[in-house]
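The values are calculated or read from the model by the stated rules, or taken from the named source; none is laboratory data. Here the structure is a predicted model, which is why all the values come from computation and not from measurement. Methodologically, a virtual Cβ is constructed for each residue, glycine included, from the backbone with ideal geometry; neighbour enumeration extends over all protein chains shown. Ligands, DNA and RNA are stripped out before the accessible areas are found, and what is left, the full protein with its side chains, is counted by its heavy atoms. Shrake-Rupley method; radii C 1.70, N 1.55, O 1.52, S 1.80 Å.
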2 protein chains.
Amino acid sequence: MISQWEKSPLYRIAYPRSIAFFGASNNFNRMGSIMLSSLQSGGFEGPIYPVHPKEETVRGLRAYRSVQDLPEVPDLAIIVLPTEIVCDTLEECGKKGIKHAIVVSGGFREMGSEGLERQKRLVYVAKRYGMNILGPNCLGVANLHHKFNPTPIEAEGEAGFVGLASQSGSFITQMFNYLYLHGMGFSTAFSVGNEAVIDIVDCLEYLGACPHTKVITLYLEGISRGREFMKVAREIVPHKPIVALYVGGSETGKKAGLSHTGALSGPDDIYDAVFRQCGIIRARTLVELFDFALALGTLPAPQGNRVVIQTHSGGPGATAADACGRAGLRLPDLSPETVERLRSYLPHTASTSNPVDLTFSKNNQEHFSAIPDIILEDEEVDMLLIYFLSPVVFIRRFLREAGVPKEQMKLAEDAAVQELTKAILDLRRKHAKPIVGYTFRSLQEKMTWEVLKGGIPIYPDAERAARAMAALVRYHRIKSEFHSRHVE
Amino acid sequence: MISQWEKSPLYRIAYPRSIAFFGASNNFNRMGSIMLSSLQSGGFEGPIYPVHPKEETVRGLRAYRSVQDLPEVPDLAIIVLPTEIVCDTLEECGKKGIKHAIVVSGGFREMGSEGLERQKRLVYVAKRYGMNILGPNCLGVANLHHKFNPTPIEAEGEAGFVGLASQSGSFITQMFNYLYLHGMGFSTAFSVGNEAVIDIVDCLEYLGACPHTKVITLYLEGISRGREFMKVAREIVPHKPIVALYVGGSETGKKAGLSHTGALSGPDDIYDAVFRQCGIIRARTLVELFDFALALGTLPAPQGNRVVIQTHSGGPGATAADACGRAGLRLPDLSPETVERLRSYLPHTASTSNPVDLTFSKNNQEHFSAIPDIILEDEEVDMLLIYFLSPVVFIRRFLREAGVPKEQMKLAEDAAVQELTKAILDLRRKHAKPIVGYTFRSLQEKMTWEVLKGGIPIYPDAERAARAMAALVRYHRIKSEFHSRHVE
């Protein structure tokens, strides 16, 4: 494992101070122009030097005829050129002394034997000039902590804690919106493309050392350096969780991956075994990959797998119980003391078995403070799963019924929501136990959104919440096994 | 099976012309008041007669001291009273000649032996007066086709094609928002509660006959009249798909269901067998229940399970391929003729294997017209699954780059979106093959939302799309087996 983050060959790829940009023009209908435009609109703070054979300026920036003309040796070259001139350009970059490059252009190994020859030349150039190259056939990097996003889609949301190394470029550039809507953000995301020089193992190492990254996610279609991958993963897992989505195992996934990046995939059960041996949590789908990341990046370590479900509605409670059972979580009974303490808060129709079903509750405040507080104090309880029917729906009606004038509605509503939000976020600070929510309404609805942004993961489905909690339990078991082995 | 919809005991419960309402007051902090308020704000068009021992008016409506005082015999009584006076009130309703009632109040079978005695009396009253009673311990009905929603949450969205019979009330009242956001709406939704008189089988029969219902969904914690359930289901399935979510099978789900409605659940594999024998499609989660309903309610019958995936991004294509494989769908190769026809539309980096990966496409229009049109014309293709990265993201940037002034942006954007939307909806009309989309962005995003509302199901995940398509294939196989058996 690299001891210092800044020593990684990827450091100046994720944190370039200056950039030479090849392949952007004043015609916006080009991938290069679109990518440069993202970089500009993202507010990148260092100098950008477009290299263009004819133009004086490109997208408002002074352009240079050749890399030799640049006023300094930039940290990074981004290359979005026609396949045929990529290697020559890299060679020129090498001569100038540029040590890092992102090659976006395709037409290499993924295109058969001719492409393979071209890729060999690219590797040769990299070695000759000691260049760290990401790609080819990739979308590079997104690192909002450095206002650095040269990918084709402009970033939404903010920098976050999810590290990603992906054998698909789409999953870095097309996931800003998704992560934002689900309460997350990338720390740094790498698209590795054909992995001619820098590969997924290097990214894993980098993300393991990156202080912004709380959880590492991997999208894999195949791993070439298996032994090194396992070694690095095993070094990281005791400190930082890794979640992986591997799609090369199924016949259909394998076929798709081969034509995509030319990755050599292997049977599903081999990858299963690899992941298990290094303590990597496996996700079955992209949604699960980030669901697990959310839980692992926000929640404290649970002592065990005992979940109490708090609901005000039987059906959502029962489906959550069913989902928890299937995910391998246990639903303990509350202790008699806890039941006794809860009694004064509950209507006679309520159930104090697990799920705790508050039914029609008259006091929203208790729903998000006293009641979950008492449950979390029970020693038999490791985690709390709360059904989140947005109280705003009711608050709004009550205010309207109470005759609050229209122009004061928003203020009154916000005050009520703020109080409830504060109550539940206080619980999060008070108890070192995971609190998770689920809802069938939009995550963007008032309160829900505030609570989610406040650090309590909320999932748009009980099944997803249960599986994420199970992943959390699994990771912390693995982690403590690693540590106890180390102590022996 | 009932031959005429209007003959069902549930018809006047779903389509009451007039209502006696028990348990609403001028104190909004009561379940009854909240429910009456929903009924009023939903615009119910018939007379509502609140019955209240003291008030002159309730929520602006003239109130009556007793049911005997009502100026007519209303079609339906809705009862949200304290448990102790429910049966007496029902008796009075019976004397008045009211033939239908919804009993919302709890405190019956679900509350142990005392409650069981009370429920027996309720059944006795029902028999004595020939009353059709829904409940007790239920939330009644939501039927937006009749502007009839007395459930505690105000409706969002419009009436639709999804019929629901649910052993949880939450799933009728708390799903308006969910269904709306996913492009659906209830035809009619029943909460059956303790099923003292009317049960899930009656609802199934009703929904089977209801002309607004294109697909029936069931939420089950346990079935008591197993034989009748199977008989009715088998009669409906050849004409209308049924999807069921059963949560009583897992230990945790069973426990939760028992304290919820007191339903007697049975082992999971028995229910599996029951569903299989009557051709009911089983959903594992609530999300899947409605995902399947969307596909079954909007898509034509596929000829087989062969799916072509169209994408412009490798990773989303590969995960979809993986998901299709796991769901039991096949990914055929395109015929050489189709590949030839596609060639002129594709950049050299594109892949014409399956997934068809258009990569960076210069022409959005072709993406949603010529290309899918050619694919759908291939005889080896039964269904098309399209990755939907919202083109709006790019359209907006292109317009901005083209210098379209800010005040004309919306107009230009809308025109571009409308053209694309029209193109893909035209394909839906042209081809009798299922077209399904998936996206990782919000379903509410322009274009996506229009396409979804236009009748092409779009799922916020490839996995969900694949499983829904597999359910569609399964249903139509079952249906044709039923029909061929019938012909023999």
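Quick one: in segment B:267-287, which of the residues that are within 23 Å of A:Ala466 (Cβ to Cβ), touching a helix residue (DSSP H, G or I) at 6+ places or on another chain (Cβ under 8 Å) and open to solvent by less than 20 Å² (accessible area, probe 1.4 Å) is farthest from the other protein chains (Cβ to nearest Cβ)?
Ranking the candidates gives B:Ile281 first.
Got at least one residue in segment A:358-375 being farther than 19 Å from A:Ser313 by Cα, in a helix (DSSP H, G or I) and either in contact with a Pro (Cβ under 6 Å, 6 or more places away or on another chain) or of a type in the set (Phe, Trp, Tyr) (or both)? Write out each step before concluding.
Pass one, segment A:358-375, residues farther than 19 Å from A:Ser313 by Cα: A:373-374.
Retained after the next criterion (residues that are in a helix (DSSP H, G or I)): A:373-374.
Next, from what is left, pick out any that are either in contact with a Pro (Cβ under 6 Å, 6 or more places away or on another chain) or of a type in the set (Phe, Trp, Tyr) (or both): none.
The answer is no; no qualifying residue exists.
Limited to segment B:324-352, what total is found for residues that are closer than 26 Å to B:Glu288 by Cβ and more than 7 Å from every other protein chain (Cβ to nearest Cβ)? Let's see the steps before the verdict.
Step one: of segment B:324-352, the residues closer than 26 Å to B:Glu288 by Cβ are B:324-332.
Narrowing the set further to residues that are more than 7 Å from every other protein chain (Cβ to nearest Cβ) leaves B:327-330, B:332.
Total meeting the criteria: 5.
Those residues that are modelled with pLDDT of 95 or more and over 18 Å from A:His145 (Cβ atoms), I need them from segment A:1-33; list them, please.
Going through segment A:1-33, the residues modelled with pLDDT of 95 or more turn out to be A:10-26, A:32-33.
Within segment A:1-33, A:Ala20, A:Phe21, A:Phe22, A:Gly23, A:Ala24, A:Ser25, A:Asn26, A:Gly32, A:Ser33 qualify.
Condition check: under 31 Å from the mean Cα position of the chain (by Cα) and either acidic (Asp, Glu) or away from chain A (no Cβ under 14 Å) (or both). Does B:Ile79 satisfy that? Working first, answer last.
On the way: under 31 Å from the mean Cα position of the chain (by Cα): yes; either acidic (Asp, Glu) or away from chain A (no Cβ under 14 Å) (or both): yes.
Yes: the conditions hold for B:Ile79.
What's the number of the only condition in (1) open to solvent by 20 Å² or more (accessible area, probe 1.4 Å); (2) farther than 21 Å from A:His431 by Cα; (3) without any contact (Cβ under 8 Å) to a residue 40 or more places away in the chain; (4) within 12 Å of another protein chain (Cβ to nearest Cβ) that A:Ala321 fails to meet?
Exception for A:Ala321: condition (1).
Kindly indicate which of B:Phe108, B:Phe148 is away from chain A (no Cβ under 14 Å) and not β-branched (Val, Ile, Thr).
Of the residues listed, the single one that is away from chain A (no Cβ under 14 Å) and not β-branched (Val, Ile, Thr) is B:Phe148.
Can you name the residue in segment A:435-461 that is of a type in the set (S, T, N, Q) and facing chain B (nearest Cβ under 10 Å) and, of all such residues, is nearest to B:Ala155 (Cα to Cα)? Walk me through how you get there before you give the answer.
As a first pass, look at segment A:435-461 and keep what is of a type in the set (S, T, N, Q): A:439, A:442, A:444, A:448.
Right, trim to facing chain B (nearest Cβ under 10 Å) and you get A:439, A:442, A:444.
Values: A:Thr439: 17, A:Ser442: 15, A:Gln444: 19 Å.
Filtering first and then ranking leaves A:Ser442.
Which condition number does B:Pro355 fail, the rest of (1) crowded, with 19+ Cβ neighbours inside 10 Å; (2) more than 10 Å from chain A (Cβ to nearest Cβ) being met?
(2)
Please report, ordered by residue number, the strands (runs of 3 or more DSSP E) entirely within segment B:236-314 with at least 2 residues that are more than 20 Å from B:Phe186 (Cα to Cα), modelled with pLDDT of 85 or more and in contact with a Phe, Trp or Tyr (Cβ under 9 Å, 6 or more places away or on another chain). It would help to see each step written out before you state the result.
Values: elements: B:242-246, B:281-283, B:307-311.
Correct list: B:307-311.
A:His312 passes all but one of (1) under 30 Å from A:Thr349 (Cα atoms); (2) touching a strand residue (DSSP E or B) at 6+ places or on another chain (Cβ under 6 Å); which number fails?
(2)
So which residues in segment B:99-115 are open to solvent by 10 Å² or more (accessible area, probe 1.4 Å) and part of a helix (DSSP H, G or I)?
B:Arg109, B:Glu110, B:Met111, B:Ser113, B:Glu114
Starting from residues that are open to solvent by 80 Å² or more (accessible area, probe 1.4 Å) and closer than 19 Å to A:Leu427 by Cβ, keep the ones in segment A:378-413 and report whichever is nearest to the other protein chains (Cβ to nearest Cβ).
A:Glu380
Would you check which residues across segment A:142-183 are in contact with a Cys (Cβ under 8 Å, 6 or more places away or on another chain) and among the hydrophobic types (A, V, I, L, M, F, W, C) and list them? I'd like the intermediate steps shown before the answer.
Within segment A:142-183, the first condition is being in contact with a Cys (Cβ under 8 Å, 6 or more places away or on another chain), and the residues that meet it are A:163, A:165, A:169.
Once the filter is applied, which keeps residues that are in contact with a Cys (Cβ under 8 Å, 6 or more places away or on another chain) and among the hydrophobic types (A, V, I, L, M, F, W, C), segment A:142-183 yields only A:Ala165.
Looking at (1) within 12 Å of the chain's Cα centre (by Cα); (2) more than 10 Å from every other protein chain (Cβ to nearest Cβ), which one does A:Glu195 not meet, given that it meets all the others?
Only one criterion in (1) within 12 Å of the chain's Cα centre (by Cα); (2) more than 10 Å from every other protein chain (Cβ to nearest Cβ) is unmet by A:Glu195, namely (1).
For the structure I just gave you, tell me whether B:Glu156 is within 25 Å of B:Ile48 (Cα to Cα) and either open to solvent by 10 Å² or more (accessible area, probe 1.4 Å) or not aromatic (Phe, Trp, Tyr) (or both). Steps first, answer last, please.
Numbers: within 25 Å of B:Ile48 (Cα to Cα): yes; either open to solvent by 10 Å² or more (accessible area, probe 1.4 Å) or not aromatic (Phe, Trp, Tyr) (or both): yes.
Here the answer is yes, as B:Glu156 does meet what is asked.
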